[in-house]
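These notes concern the structure reproduced below.
Any read-out appearing in this document is the output of simple, stated calculations on the displayed coordinates, not a laboratory observation. Just so it is clear, the model here is predicted, and its values are computed rather than measured. Quick reminder, even Gly has a Cβ in these numbers, built from the backbone with ideal geometry, and neighbours come from all protein chains shown.
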Amino acid sequence: MAEVLARFLTRSGESTLWASINPILALGEPGYEVDTKRLRFGDGITAFTSLPYFLSTFTNPDLTAFDADNYMAVNNTPYTGNLNTLTGRKFQAVGTGASNGPTGAGVNDLIMHWDYSATSAIQEFYNNEDPYTVYRRSKVAGVWSEWATEVQLNGNQTVAGNKTFSGDTTIANLLSTILKGGYTTTAVNDGTISSGSYSPDPLAASPGNMRRIINNGSFTFAAPTRAGDYSLEVLITNGTTAGAITFTGFSKVGGDALNTTNANKFKVFISKNTGILSASVMAMQ
C-alpha cells in the first residue's frame, strides 16, 4: 500500500479574532492563538474565550497567567542596599554594603522578604556560616521590629527576653535537651570596691552567678538580697590599696582568712537554700 502524506491543520487565529468570533468548539476540537502561542480544547458547549488554556506550564496545568502576588521571586544577584526598603516577595543573597541586617550579617547570607501589604512585611535572615541560627523580624504600620533570633537546640546563641516553654519543662528535661552539651560563661565584672557596701546579685543589670571585684579599700561584703535559692561565686582580687572586708547578713561565714596583700586573690562561694545564706572563703595563694 502506498504511503499518503497528509497535513493536519488546527483552527488558528490571533487572540483578538478568537475573542471577536468566540465560537463554540466541538468536543476535543483544538483552537490555537497564533500570537499568544496558547491552545484551548473545545467541549461542545462552552464559548472559546471561556475555555481554559491547555498546559500553560509543565508543572501546573491549571496556571493561566503568572500571578506575582502568589509567587516568590528567586534572585541570584546579591542585594547591596538597605534591607528596610526591600519590597515584593523574594529570596535573595546579601552582598557587600547591605545595611540594616542582623548583627553578624555577612556576604552570601540569604534574606527572605514577604510583603503582606504596603506597610506590613516579614523578613527571615539565614547566616551561611551558622546554619543553626535564623533571624526574624516584622514590619507593622511601616515600622520594622528589632531582629530576633529563633531558639535552636544546636550551636551557640543568646536568648534574651521572657520565654514560655511548653511540654516537659522539668529541670531534668531541660538539662537533657538544652544543656546536654555543656556551657561556658564569663564572670561578670562588678568593678572596683573601695568603700561602702557590696552585695552580689545573680540577676543584676549584668546577670550572672560568677562575678569578680577588685578590693581597693575597706568595705562591707553584704549578703545578697535577691529572692529565691541560688549559688554565687565571687572572685576578689586585692588592689594596691586593698582594705579590710567585713561580712554581714550571712548565717555563717567560714573558710580562709582574707588579707590586704596586693594581687592576692580569694574566692567567696555563696549558697542560699530556703532563705539561709552561707559564705565560704578560699584563698587562691
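For the stretch 11-50, the share of DSSP beta bridges that are antiparallel, to the nearest 5, is 60%.
FRET efficiency for the pair residue 107 and residue 141, taken as 1/(1 + (r/R0)^6) with r the Cβ-Cβ distance and R0 = 30 Å, rounds to 0.40.
Counting only DSSP beta bridges with both residues in the stretch 70-149, the antiparallel share comes to about 80 percent.
Taking amide H as placed 1.01 Å from N in the peptide plane, the amide H of residue 109 sits under 5 Å from that of 94, 128, each at least 5 places away or on another chain. Simple spin-label estimate for residue 227 and residue 203 gives 0.8 nm between the two label positions (7 Å along the Cα-to-Cβ direction from each Cα).
Based on alpha-carbon centroids, what's the gap between the stretch 225-285 and the stretch 28-43 in Å, whole number please? Going from one Cα centre to the other spans 89 Å.
Would the stretch 200-285 count as rounded, prolate or oblate if I go by the C-alpha gyration tensor, calling it rounded below 1.5 in a/c and otherwise prolate when a/b exceeds b/c, oblate otherwise? Note, shape of the stretch 200-285 comes out prolate. Under a point spin-label approximation (7 Å from Cα along Cα-to-Cβ), what is the residue 259-residue 240 distance to one decimal in nm? Placing both labels 7 Å beyond Cα along the Cβ direction yields 2.0 nm. Summarising the amide proton neighbourhood of residue 43: residues at separation of 5 or more, or on other chains, whose placed amide H is nearer than 5 Å comprise 25, 28.
Distant-in-sequence amide contacts of residue 255, defined by a placed amide H-H separation under 5 Å and a gap of 5 or more residues or a different chain, comprise 281.
Put in order of Cβ neighbour count within 10 Å, fewest first, the listed residues 14, 146, 3 become 3, 146, 14.
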